[in-house]
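Below: one structure, written as structure tokens.
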Amino acid sequence: MNSEPIKIRRYVLMYAGYYLLCAACLAVVLVITNVQLSYSLELSMVLAASMGLATRFVKENSRVPSLQEKRKLSLACMLASAVLSVLLTTVSVLFFSESGQAGENLAALLDLPAFVWLLVLAFSMGLNYLILNLSLGWFARKTEASWRAKGRLG
């Protein structure tokens, strides 16, 4: 069992990479199929990225994250999700809106009251934290148990 402290930054960057890869793949699918989706798309990216992160953590460390590691990773990855989500939303509004609508779309978003933004942000971050905690806890334990039974971990 590997008991040396993990490098949180490395795993957060790994999570961000998984998140952006999911976003790119989903963007290609959406462009090809011309389907309009909402918030559930972001949750699916968080779920896929967090499961990839949990799997990679178990593979590299031959264990599940400790409670303290899970909390740190969940918080840091939640913040990374929020930053990436804002960046991706801004890029999509500015560059992928129909001609002449980018300014209108951005103005409509900025016209929302601050308390609405705070509620949306709190709800979104709460769901992200829950998904990350479940992935780094329950999913990581299931992955570790499965790999130990198959002899894939030391």
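At-a-glance table
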item	result
Residues being of a type in the set (Ser, Thr, Tyr) and free of Cβ contacts under 8 Å to residues at least 60 places away in the same chain - total across the stretch 107-141	1
Filter result (open to solvent by less than 80 Å² (accessible area, probe 1.4 Å) and modelled with pLDDT under 90) within the stretch 2-23	Asn2, Ile6, Ala23
Selection from the stretch 110-128 of residues that are open to solvent by 60 Å² or more (accessible area, probe 1.4 Å) and in a helix (DSSP H, G or I)	Leu110, Ala114, Phe115, Trp117, Leu118, Leu119, Val120, Leu121, Ala122, Phe123
Members of the stretch 44-58 that are touching a residue at least 60 places away in the same chain (Cβ under 8 Å) and open to solvent by 30 Å² or more (accessible area, probe 1.4 Å)	Leu47, Met51, Thr55
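The values are calculated or read from the model by the stated rules, or taken from the named source; none is laboratory data. All of these numbers come straight from a predicted model, not from anything done at the bench. Because the Cβ atoms are built from the backbone with ideal geometry, glycine has one as well, and the counts that use them run over all protein chains shown. What goes into the accessible areas is simple: the full protein's heavy atoms, side chains included, and nothing from ligands, DNA or RNA. Shrake-Rupley method; radii C 1.70, N 1.55, O 1.52, S 1.80 Å.
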